[in-house]
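What follows is a short report on a single structure.
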Amino acid sequence: MPADKFNYKPTPDQMTFGHLVAHMVEVNNLACSKVAAVPAPKVEEVKESDSKEKLVSALKASFDFCSDTLSQMDDSKMGELTSGPSGQQISRARFALGIASNWADHYAEAAMYLRLNGILPPNAKK
């Protein structure tokens, strides 16, 4: 997405593309830390109004964190409970499933935003 389109949102009630990226950063760091039973990285919070460079850098770092932590995940801990959204107790396995569905959902949202701006997602077939 071009930098000048990070403030784009399809309708007034939807989030901006920049907000979507900032949300993905936050969710990746939280969910991957919960699944792998490691502390979330200490990172500067990003905001939808931050530059494309800052948002993309933070997003890449969050995926690197997920890659590192998930590769060290201990399957024997999947039944352990940990605090989830709104303080509810959920299993690490549920966080793992949530990561898969979140990544699919976030990709679909990002692809929609790109297509609505006449941009073919990078991995889409021409």
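Rule-based calculations on the coordinates, nothing more; no lab input. Keep in mind that this is a model prediction, so the values were computed, not measured. We place every Cβ from the backbone using ideal geometry, glycine too, and count neighbours over all the protein chains shown.
Separation of the alpha carbons by more than 23 angstrom is noted, of K9/K54; K9/K42; K34/K54; K34/K60, for K9/K42; K34/K54.
For the chain, the C-alpha radius of gyration sits at 1.13 times the compact-globule guess of 2.2 N^0.38 Å, with N the residue count. Neighbour counts of C-beta atoms inside 10 Å place L120, L20 in the sequence L120, L20, starting with the fewest.
Once C-alpha pairs closer than 8 Å and six or more residues apart are averaged by separation and normalised to the residue number of the chain, the relative contact order reads 27 percent. Mean residue ellipticity at 222 nm, helices only, the chain: -18000 deg cm²/dmol; runs of at least 4 DSSP H residues each add -39,500 (n - 2.57), and the sum is divided by the number of residues. Cross-link partners of K47 among aspartates and glutamates, defined as those whose alpha carbon lies under 15 angstrom from its own and excluding same-chain residues fewer than eight positions apart: E26.
Apply the a/c threshold of 1.5 to the C-alpha gyration tensor of region 22-93 and tell me whether it is rounded, prolate or oblate. Display every interim value, and only then the final one.
Working: a/c = 3.38, a/b = 1.76, b/c = 1.92.
It comes out oblate by the Cα gyration axes.
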